[in-house]
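Take a look at the structure below.
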Amino acid sequence: MTHRLPADHLDLAQIAASGQCFRMVPEGGGFVIRAADRGVHAVSKEGILTLDCREEDLSFWRSYFDLETDYGRFQEAVDPSDDYLKKAAAFGSGIRILRQDLWEMIVTFLISQQNNIPRIRKCIENLCREYGRDMGGWHAFPGPEALAGLEEDALMPCNLGYRSKYVVRSARQVVSGEVDLDAVRKMPYPEAKEALRQLFGVGDKVADCICLFALHHLDAFPVDTHIRQVFEARYPQGFPYEKYAGFAGVLQQYIFYYDLMGK
DNA sequence: TGCCAGGCTGATA
DNA sequence: TATCAGCCTGGC
């Protein structure tokens with residue numbers, strides 16, 4: 001079933017390249033996107049998002065793409081005297097912060113550390129193929145229950161390397177209830193970040209990625225090596241977070257994408 | 001060959 | 001409390 005939805009400031013190619021989602025595959029002029037155990041074919045063009053999905057999944061995808069949020073507001077809020085940020089925001093104006101699955105983001109960003117984007121994508125494919133439910137032609141993302149019973153190095157064949165034990169032990173912490181994901185979903189940003197940091201292998205940066213891309217805490221601002229380099233070059237006096245309270249994480253994505261693709 | 005990639009843990013002082 | 005080695009592995 002095909003649905004056409006008005007969606008300004010939405011460019012799927014930009015979102016795919018921005019590195020917040022690793023399960024977007026180009027197909028038919030758009031992308032096939034997988035989220036946990038759902039899938040959709042999506043095309044974004046001239047302010048319209050065309051989705052090919054089941055009728056009962058439509059509200060899920062509407063939320064997933066964050067269609068209720070006005071991203072024009074974030075664009076306009078950029079300090080006009082900040083030339084670099086203005087350029088970055090304009091360059092990545094089609095980026096939205098997707099509302100992705102919590103467990104999937106935990107695993108994805110555990111895998112991301114000391115890793116590069118093509119390899120991260122490959123690791124996730126391997127993980128889904130080996131441990132995800134067969135959905136008929138593709139595999140769902142494996143839940144914590146599917147991973148908690150494994151040996152700590154069982155995911156080495158999926159090319160996770162030393163991160164294998166991070167994923168398995170985190171799965172155990174979730175399944176045992178030591179870290180209650182339902183509770184984390186209801187927490188404000190600082191508490192959620194601290195709770196996520198209890199997971200083995202989750203530090204400051206990974207916790208912020210999870211808060212931003214799964215929990216939609218737009219205050220979360222992951223600082224990685226790229227962002228740190230940009231800050232050293234462009235904001236030696238410090239990034240003006242106070243000007244962007246409540247949505248600084250959106251700007252982080254503009255900066256990351258601009259740094260990656262804009263030069 | 002050596003170094004790095006969207007960090008983190010654990011040891012050490 | 002701060003610093004730092006070591007970690008899987010593919011690509012350059």
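Derivation of every value follows stated rules applied to the coordinates shown; laboratory data play no part. Everything numeric here is computed off the predicted structure, so don't read it as measured data. Because the Cβ atoms are built from the backbone with ideal geometry, glycine has one as well, and the counts that use them run over all protein chains shown.
What residue, of A:Leu150, A:Leu196, is out of contact with any Phe, Trp or Tyr (no Cβ under 9 Å at 6 or more places or on another chain) and either of a type outside the set (D, E, K, R) or within 21 Å of A:Asp66 (Cβ to Cβ) (or both)? Don't jump to the end; show me each part of the working.
Working: A:Leu150 fails: out of contact with any Phe, Trp or Tyr (no Cβ under 9 Å at 6 or more places or on another chain).
Criteria check complete, one pass: A:Leu196.
Of the numbered conditions (1) within 16 Å of DNA strand C (Cβ to nearest atom); (2) touching a strand residue (DSSP E or B) at 6+ places or on another chain (Cβ under 9 Å), A:Ala140 satisfies every one except a single condition; which is it?
Here A:Ala140 meets the rest and fails (1).
Which of the numbered conditions does A:Ile120 fail, given that it passes all the others? Conditions: (1) within 15 Å of DNA strand B (Cβ to nearest atom); (2) in a helix (DSSP H, G or I); (3) buried (at least 21 other Cβ atoms within 10 Å of the Cβ).
Checking A:Ile120 against (1) within 15 Å of DNA strand B (Cβ to nearest atom); (2) in a helix (DSSP H, G or I); (3) buried (at least 21 other Cβ atoms within 10 Å of the Cβ), the one that fails is (3).
Looking at the structure I just gave you, is A:Phe109 under 30 Å from A:Arg234 (Cβ atoms) and within 16 Å of DNA strand C (Cβ to nearest atom)?
Details: under 30 Å from A:Arg234 (Cβ atoms): yes; within 16 Å of DNA strand C (Cβ to nearest atom): yes.
Yes.
Among the residues of the range A:60-73, is there at least one that is of a type in the set (Gly, Ala, Ser), closer than 25 Å to A:Phe221 by Cβ and either loosely packed, with under 15 Cβ neighbours inside 10 Å or touching a Lys or Arg at 6+ places or on another chain (Cβ under 9 Å) (or both)?
Within the range A:60-73 (the criterion being of a type in the set (Gly, Ala, Ser), closer than 25 Å to A:Phe221 by Cβ and either loosely packed, with under 15 Cβ neighbours inside 10 Å or touching a Lys or Arg at 6+ places or on another chain (Cβ under 9 Å) (or both)), the answer is yes, since at least one residue qualifies.
Against the definition (touching a residue at least 60 places away in the same chain (Cβ under 8 Å), among the hydroxyl-bearing types (Ser, Thr, Tyr) and out of contact with any Leu (no Cβ under 9 Å at 6 or more places or on another chain)), how does A:Ser112 come out, yes or no?
Working: touching a residue at least 60 places away in the same chain (Cβ under 8 Å): yes; among the hydroxyl-bearing types (Ser, Thr, Tyr): yes; out of contact with any Leu (no Cβ under 9 Å at 6 or more places or on another chain): yes.
It is true that A:Ser112 is touching a residue at least 60 places away in the same chain (Cβ under 8 Å), among the hydroxyl-bearing types (Ser, Thr, Tyr) and out of contact with any Leu (no Cβ under 9 Å at 6 or more places or on another chain).
Might you let me know whether the range A:38-53 holds any residue that is out of contact with any strand residue (DSSP E or B) (no Cβ under 8 Å at 6 or more places or on another chain), touching a residue at least 40 places away in the same chain (Cβ under 8 Å) and surrounded by fewer than 20 Cβ atoms within 10 Å (Cβ to Cβ)? Step through it out loud before you land on a result.
The first filter runs over the range A:38-53 and keeps only residues out of contact with any strand residue (DSSP E or B) (no Cβ under 8 Å at 6 or more places or on another chain), leaving A:38, A:45-46.
Retained after the next criterion (residues that are touching a residue at least 40 places away in the same chain (Cβ under 8 Å)): none.
No; the residues of the range A:38-53 include none that is out of contact with any strand residue (DSSP E or B) (no Cβ under 8 Å at 6 or more places or on another chain), touching a residue at least 40 places away in the same chain (Cβ under 8 Å) and surrounded by fewer than 20 Cβ atoms within 10 Å (Cβ to Cβ).
Just give me the residues in the range A:141-178 being under 23 Å from the mean Cα position of the chain (by Cα), more than 13 Å from A:Val107 (Cβ to Cβ) and not in a helix (DSSP H, G or I), in sequence order.
The one that is under 23 Å from the mean Cα position of the chain (by Cα), more than 13 Å from A:Val107 (Cβ to Cβ) and not in a helix (DSSP H, G or I): A:Asn159.
List the pairs whose first member sits in the range A:145-166 and is polar (S, T, N, Q), whose second member is crowded, with 21+ Cβ neighbours inside 10 Å, and whose Cβ atoms are under 9 Å apart, counting only residues at least 6 apart or on separate chains?
Matching pairs, first to second residue: A:Asn159/A:Cys123; A:Ser164/A:Leu155; A:Ser164/A:Cys158.
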